[in-house]
Every structure is written in structure tokens, then in C-alpha cells.
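Below is one structure, written out as C-alpha cells; the observations come after it.
The values are calculated or read from the model by the stated rules, or taken from the named source; none is laboratory data. What you see is a predicted model, and the numbers here were worked out from it, not measured in a lab. Note that we place each Cβ from the backbone using ideal geometry, even for glycine, and neighbour counts take in every protein chain shown. Accessible surface areas use protein heavy atoms only, side chains included; no ligands, DNA or RNA. Shrake-Rupley method; radii C 1.70, N 1.55, O 1.52, S 1.80 Å.
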Amino acid sequence: MMARQNWLAIVLGIGILLVMAAAAYLKSEEQKGDGHPSSYSTLRRGAKAAYLLLQQSGFPVARWQHSPKELPADGDGILLIVASPVSYPNTEETSALSRFLLHGGSILVAGLLPDAFVPNAAATDEAMRAGGVECKPVAPTRLTRGGSISQDGVLMWDSDDAGKVVHFADDKGKAVVVSYKVGSGSVVWWASAWPLENAGIREKNNLELLLNSTRGYKRVLWDEFYQDEDKKSAGHKPVRAYNWALAQLLLIGIAVVLTYSRRSGPLVPLLEESRLSPLEFVETLGNVFCRAESSHVAVEIAFQRFRQVAARRLGIRGTSNPAEIVDAMYQHGTRLSESTAKLVQESESAVGDATLTEKKALQYVRALSEATDAMYPANKTVNSKIIRTVPEERI
């Protein structure tokens, strides 16, 4: 029966672990939300549709999963697309991107403040363009051939530099698509990655903007180094929830092994500790009262017990004073010696006496204990301190 219960517990634990793993996986899926413009993502704000469209249309597009430091030394005719990344380059990577531009490379940055990726950038925030706002061409350029586009987000270009070419502006006249030269290369900046995202590429002329921005290059590299998609084909790290599930499963396995390895050894009966209070405890408690110089506290404890027992056994008020309790004891046939009765009656005043000596406190405690024991009918012991008598009416 015991072995069956153990197996049931193990099966129940594994079932709970599987449920936790499933819940963690579903939560990780929910946390993805709308996604971001990775060429692997099929979510609303992913960019797999744009990548496949360029690929199937004959554009020389490929995923770039390496550090910018590995970009070709000669960047002539090469375009790097960086769309709303979830991480940003360090100092060395920023320098590598600048060298790429200086040696003829081109970078399309979309949906981010571009300062960390390209030099001479000047973008800032403005009011939200909710739901996509129509942005009209500012000048006839190769990027504006398709006509007005749709943009969302909060970014705008914030520079009046004559070297920058403004291609599109929103309904408030804020620049949202800009290009400029850097060395032998060029930078194209979009205020939002909406035109190349799965949901935004279908909007008015957004596809034309993407095609016009990528046309004429011998290589188009779609950055995945700064994205954070969970892609099995790219060898990315597995979902964190799986790691936790494996760790918990390993922990349960170790617990099972240790449990059954201990059961395979000799069985030794468990030693039961005595529940009796040792004498050392009593001595320690006495030392506490002694060091605290609180002898009257011991008298107070004994007095409160005496009063509570009297209220239960004699049927009197719980606030009765010692003289009333002694009289009630006499009426119930329990007579105390004169010395004991005297000490009991004086004990109430000793309760609040902080200067009470240990010797005197011991006398009060003994008298109160004797008087308390005398109120129990089962206690028929007669000694020099306690005398039980029968009322004369019964003789």
C-alpha cells in the first residue's frame, strides 16, 4: 500500500510539472505579442512576408546573422536593413557600421532612433501617429515614385541640414523618410518599420516604398543579429520556459533516486524524544527571574493561578481578593493553617512589589501552591500545612 502511494505521488508530481511547462510555454507565446520585424516572424509586426516577397521577386536578399564587424570590407552595392531591433550595438559594432558606410555600404534603418547605428543622425519623438497616418511625398525622388505611404509610431527627423533629403512627411509636416550620404555610402531612415511589417505592407503604397528602397543593390542583407526571435533553423537558444521545465524534471529525478536509494538500506526505527521538561529548564527559568530581579513576577503567576482555580472550584468571582477566597474555602470545608492563610492574604500586595526578595517570594509561592492544591477534592493528603475539616453541622 505504501509503495502504491509513493508511485501515485511521483505521477502526480510529473503531471504538475507538465502542466507548469505547458502554462509557461503558453505564457511565452502570449508575451510575444505583436512581435517585431524579424524575417522569421509571422506575427502582426513581423516581417516574414516582406522578406519572402523580396526573395520571390528576384531581389538578392539574404539574412544577416553575424556581427557588423564581419560585414564586407568593400560595401559598394550592399544594403543592410535594420528594422526595429530589440538590442543595440556596442562601441566596436557602431564603429564597424561606420566603416561599412565609409567604404560604400548602405544602411536602411527603420523604426528606431538611429544614433547608435549610423552617424550624423538627428531623430526625436513627437505625438503618436496612431493606426497609420498618410504621409505625402515632399520631393520627386526614386523613393517617392509610388506616391503617398502610411506610417505610424512617434519618431520624426529633427534636423534642417541641407545635406539630408526629405522624401516623405506626415500630416503635420514632420519628416518621416530621410536619406543622406556618409562617406562613399548612404543612409535611408524610416520613422517606422510599418511599411515592411506583415500588417503594414498591405497599406497604400508601402510595398512600393520597400521595393524602391531596396532596388538597384547587388546584395540586400536583412539583419537578424539584433533581433530576438526563437528560430530553430537559425540555431537560436530555446525558450526559457523549456530550460526551467528541464531543470525541474531533473530535480524531481534526483529526488526520486535519493528517496529510493535510502529505502534500499537498513530500516532504523525513529528515536522518539522525551516530551518531559528536563530539570535544567526549570533551573534556567529560575536564573532568568534572578538575573532580571523580578521575583514578584513568580508570585504574580502563582497568584493568578490560585485565583482562577478558586473561581472554578468555589463558584466565586474571578476578581475576588485573597481574603474572600480563604473565607469561601472555609465555607466549603477546606481550612488552611494560619501561617499559610496569612501568606495567601498578603500575596496580592506582593505581586506589585519590585523590591521583593527571593526568600520572601518563595514563601508566597509555596503558600499559594498549597492553597491551590487544597481546593481539589482528590487531594486528601493531610500534612502540617493543610488541614481538611468537615463542617460541624454534619457531625
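Some values worked out for this structure:
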item	result
Extension gain, Arg312 back to Gln55 (0.36 nm per residue minus Cα-Cα distance, nm)	83.0 nm
Cα-projected label distance for Glu283 with Val19, points at 7 Å along beta-carbon direction, nm	5.5
Rel. contact order, % - alpha carbon contacts under 8 angstrom, at least six apart, the range 134-194	33
Pairs from Lys48/Lys172; Lys69/Lys164; Lys174/Lys218; Lys181/Lys204; Lys69/Lys174; Lys174/Lys204 whose Cα-Cα separation, in the structure shown, is over 24 Å	Lys48/Lys172; Lys69/Lys164; Lys174/Lys218; Lys181/Lys204; Lys69/Lys174
Rough spin-label spacing in nm, given labels placed 7 Å along Cα→Cβ, for Asp353 and Arg305	2.1
Share of pairwise Cα separations in the range 122-190, more than 18 Å, in percent	34
Over the range 24-182, relative contact order from alpha-carbon pairs under 8 Å, at least 6 apart, %	14
Label-point separation, Glu92 to Ala162 (7 Å along Cα→Cβ), nm	4.1
Candidate residues Lys359, Lys174, Lys204: accessible-area rank, largest first, probe 1.4 Å	Lys359, Lys204, Lys174
By average C-beta atoms within 10 angstrom, highest first, the peptides 119-129, 212-222	212-222, 119-129
Heavy-atom accessible area ranking, 1.4 Å probe, most first, across Tyr180, Tyr330, Tyr88	Tyr88, Tyr330, Tyr180
